[in-house]
Structures are given as C-alpha cells and as structure tokens.
Amino acid sequence: MTDHKTPETEAELTGATPRRRPKADVLEVGGRRLSPSTLMMGHAFDPALSEGSLKPPIFLTSTFVFENAAAGKRHFEGVTGKRPGGADGLVYSRFNGPNQEILEDRLGIWEDAEDALVFSSGMSAIATLMLALVKPGDVIVHSAPLYAATETLIGRILGRFGVTFLDFPAGATEAEIESVVERAKAQGNVSLIYLESPANPTNALVDIEAVSRVRDRLLDGEAKPPIAIDNTFLGPLWQQPLQHGADLVVYSLTKYAGGHSDLVAGGVSGRKAWIDPIRMMRNTIGTISDPNTAWMLLRSLETLELRMSRAGENAAKVCAFFRDHPKVESVGYLGFLKEGSRQADIYNRHCTGAGSTFSLYLKGGERESFAFLDALKIAKLAVSLGGTETLASCPAAMTHLSVPDERKQELGITDNLVRISVGVENADDLIADFDQALRAV
Ligand SMILES: *Cc1c(COP(=O)(O)O)cnc(C)c1O
C-alpha cells in the first residue's frame, strides 16, 4: 500500500516510533520500465506488512488505530488543511482502506495517471466527479449520446441544482465542437467538458485531441475546465485518453476491468489537481468501493490484458463471420471503419484495438432480433458488457426502451439492432452458436 511519508519525517513530527513502512515498489528492472501487466501482480503491496501473505488480505475494518494522540492530531491537521500536503495514513474506511489504496495505485498504472480513485459503481464515480466540479450556474459541455444514467444525472438531477448543459454529437468536427463551446460560454461558466467514446450503442468516436484544442483556444485562463471522458468501452487497453488531452478518465469497473460480471464498481484516474477535489467529495459522501470488491478487482486486474486481448481477437473473428452472412444487414464494429473516413482518422490516432462490443444489424426488425436472441445457446441474453462470457441484448426493446422514437432513429437504435459483447470463449464455438441462431431467424 502507498505511504508517501518517510519514517524520519513522521518520527520527527510526532515523536513516535515509526510504523513499519512498505518497501519501495520496483517499477523498472535493468533500465527497463515494467509494463502494467507485470506490475498488476505485486505493485503497491508489501507481503512483509501482512504476515508474509502473498496476496493482500481483505481488511474488514471501519476504522484505524492512531499510534498516539499527536499522530491523530497530525492527521486531522492534514484533512482540514491546517497543514499543507493533505491527509496521510488511514483513519476511517469511508475515506480509504488498504485494499482500495492498492487498487487505486494499480489502476493508475495502466494509463500512467498521476492519481486514481475507486468508487462503489461507475455511476457513483461519475456523480462524485460532477458534484465536485460543477456548481449552480455552470454549463457542462458533453458529447452525445452518453450512457443513459449519465444523461439523466446531467439533465434531470444536476438540472435541479441550476446546472445546464450543451452537447455535440460524438463524431463532431473541430469546427462543430467549437461552435457548441462558443454557445456554452455565452450561456454560463463552462466548468466541465464530459465525453464518452466510443458512444453507446452507436460506437461513434469522439476526437479528444480536437476537443482539447478547442478547450485550450476558447476556455484558457484561470477557469480552464477539465476534460473528463468515460473510457469504459476501450480502456485501459485500447484507448488512453490522458495521452490525447483528457484530464480525467472515468470507468465503470463493472465492465472490462472487473471482467467477470460479478461485481459493480467505478474508477477515476488522471491529473492530481482534479483528483483532489473529487477525493474530497468522495470522503464527504462516502462513494468509495468496499474492501471485498476492491480485492476482487485486484484479482481481475492481474488478467486484464489477457482477457481483453482474447476478447478482442474473438470479436474480430466473430465480426468477420457476421459481415459475410446473408441475414446480416451490417456490423457496427470499430474494426470495420472505412479507411479515409473521419471516424477512421480518429480511430487511427486514438485507438490501438477495436474492442469486443459491437452492434449487429440483422435484416428485418424486432421479430428477427428476438428470434436470434432466443435461439442462442452459448451467448447469454443480458445487458452489460466486458465479462468473460458473451452477452447479447436488443437495446431498442431493453436498455433504450424509454428513449423517444425520434431520438432512437437519430442514434440508429433500430429494432433490428442486437448489441453483442464478446467474451473469452473459444471463437469457433461462438461462431457455431451465432451460425445456428441466424438459421433460426
Ligand atoms: C455501465 C456503464 C456505466 C455505469 O456503470 P455502473 O458500474 O453500472 O454504475 C457508465 N458508463 C458506461 C459507458 C457504461 O457502460
């Protein structure tokens, strides 16, 4: 676990015997910087501090014992800002715990982020971020569409507190983004630019670099707003937005990061200057993940690269099968973008893989998509994505049922659309399943 204090400093300041400190993390060997998949096995945990246990124990405790009264005072001086540098050490489990700290250190590694936070769900991560960064009268500029609950949060919940928003379509050009930001500036103080890429279920990519240039041109100066992006669909393996101008990356860790469809959690990584106020909000409202979930995520991260690589390879094979099938109208898969198109240009600059979640458009309508879904034998009929198992659903009739018809048409959420998240099964088995299901259509 992380502890940024040196024993000398603490002993000097508290007069106490220093607590045992974890040994320094090994981040490189022989001048070679270690990759995230290597670091996931041991980074930020010292077995010597936990009875030699190879794996971190699950720390089920609500509070942590101070070594002495002076150490307790020192902590609260940090929390309240009486002493610069913030709080250090563990005090109370609403703020943090050993399992969550290890997880945060490891999560940050994937994107070389300055800092990271974990939350009880993707939505609690997004809500905590927004509560920390916006105030009445502010405007949020966002790409559209967003995950439905995020749209509800911005439009209906933050709207009640006097926050307004303006959006631009995910595939917008730099000029289009610029005109929306111009209008937003006229509407109020723009305090947050919030993106989601690829968008769900259209898979449209946002040009993060263009957004970043527009922000720097039009919103420079003291009140420069951060760019936050929901990277759940491609991150952290296939898209790393911090390298393209984003300040904060948001995750539903429920999806690929957790990866086994057995937990709900969220994360935010990025610049420390923006993470600090979000941490303060999380400390206040208690949206941190629990120790057990954090432990499960530590296990999940050990196989993240393996799982995502395999799922990505499987999706490429499955999509190649669908593309040539006579009962398929089209396949909305990032691997099939038309070379030379604007979307392909964004993909080539921002992404290193096409992911494993895509849109299958069957010839026909609801009758055909339902027949296909009901005939599946391996793939399960469920919403969500990014798990080891393949899932399929019909957005128009399920996740997006309440979206007005006109908006559905605009977003391409038609009755013949089947959303598929490919898992890590044997690709040929999956193709055999999809083949027999298409025959049932
Ligand atoms: C699932 C999801 C969320 C919400 O995450 P939860 O963990 O369910 O709260 C947010 N954004 C995207 C893109 C998602 O897929």
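Readers should treat all values here as calculations from the given coordinates under stated rules, not as data from a laboratory. On a predicted model such as this, the values are computed, not experimentally measured, just so you know. Neighbour counts are summed over all protein chains in view; Cβ atoms, including those assigned to glycine, are modelled from backbone coordinates with ideal geometry.
List the relative contact order of the chain as a percent without decimals, with contacts defined as Cα pairs under 8 Å and 6+ residues apart. Show your work: numbers first, answer last.
Numbers: 819 pairs, mean separation 63.8, N = 441.
Contact order relative to length: 14 percent.
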Hey, how many Å between the Cα centroid of the stretch 40-59 and the Cα centroid of the stretch 69-85? 27
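Only Cα pairs under 8 Å and at least 6 apart count here; give the relative contact order of the stretch 304-439 as a rounded whole percent.
Numbers: 214 pairs, mean separation 40.9, N = 136.
Relative CO of the stretch 304-439 lands at 30 percent.
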Least to most buried among Asp428, Asp46, Asp220, by other C-beta atoms within 10 Å and fewest first, runs Asp220, Asp428, Asp46
Please work out the C-alpha center-to-center distance from the stretch 353-387 to the stretch 324-349 and express it in whole Å. 18
Once you place label points 7 Å from the Cα toward the Cβ at Asp216 and Ala320, how far apart are they in nm? 3.9
Kirkwood-based Rg over Rh for the chain (C-alpha set), two decimals? 1.00
Fewest to most neighbouring Cβ within 10 Å: what's the order for Cys394, Cys351? Cys351, Cys394
Mean residue ellipticity (222 nm) of the chain, computed from DSSP H runs ≥ 4 via -39,500 (n - 2.57), nearest 500: -11000 deg cm²/dmol
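Pull up the DSSP beta bridges for the chain and report the antiparallel fraction as a percent, rounded to 5.
Working: 26 of 46 bridges.
In the chain, DSSP labels about 55 percent of beta bridges as antiparallel.
If you add up the charges near Ala432, with Lys and Arg at +1 and Asp and Glu at -1, over every other residue whose beta carbon is less than 14 angstrom from its beta carbon, what do you get? If you can, show how the numbers build up before the last one.
Details: positive: Lys317, Lys377, Arg439; negative: Glu425, Asp428, Asp429, Asp433, Asp435.
Every neighbour counted, the sum reads -2.
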Once amide H atoms are built 1.01 Å from N in the peptide plane, which residues 5 or more positions from Phe119, or in another chain, come under 5 Å H to H? Gly266, Gly267, Ser289
Using a cut-off of 20 Å between alpha-carbon atoms, which lysines can reach Lys23, once sequence neighbours fewer than 8 places away in the same chain are excluded? Lys5, Lys55
Return the distance in nm (one decimal) between the two label points of a simple spin-label model at Ala48 and Asp428, each offset 7 Å from Cα along Cα→Cβ. 5.1
Can you grab the distance from the C-alpha centre of the stretch 174-215 to the C-alpha centre of the stretch 300-322, Å, no decimals? 30
Toward the positive end of the charge dipole of the chain, about the Cα centre and with charges on Cβ (Lys, Arg +1; Asp, Glu -1), which of Ser191, Ser341, Met308 goes farthest? Ser191
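Beta carbons within 10 angstrom, averaged per residue: use that to sort the peptides 233-242, 373-382, 307-316, highest first. Kindly include the intermediate steps, with their values, before the conclusion.
Numbers: 233-242: 24.5, 373-382: 16.3, 307-316: 20.9.
The most tightly packed comes first, giving 233-242, 307-316, 373-382.
When each pair of different Cα atoms in the stretch 307-366 is counted once in the 1/r mean, what is the Kirkwood radius in angstroms, to one decimal?
Kirkwood hydrodynamic radius for the stretch 307-366: 12.4 Å.
How high is the relative contact order of the stretch 98-299, in percent, with contacts defined as C-alpha pairs under 8 Å that are six or more residues apart?
Numbers: 394 pairs, mean separation 61.7, N = 202.
Dividing the mean separation by the residue count of the stretch 98-299 yields 31 percent.
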Ordering of 25-37, 158-170, 287-299, 191-203 by burial proxy (mean other Cβ atoms within 10 Å per residue, highest first): 191-203, 287-299, 158-170, 25-37
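Exactly which trypsin sites (Lys or Arg not before Pro) in the stretch 37-145 are in a DSSP loop and have at most 13 other Cβ atoms within 10 Å?
On the way: sites: Lys73, Arg74, Lys82, Arg94, Arg106; in loops: Lys82, Arg94.
Listed in order of number, the matching sites are Lys82.
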Straight-distance crosslink candidates among lysines, where the alpha carbon sits under 25 Å from Lys377 and sequence neighbours closer than 8 are dropped: Lys255, Lys317, Lys327, Lys363
Antiparallel DSSP beta bridges within the stretch 98-299, percent to nearest 5: 35
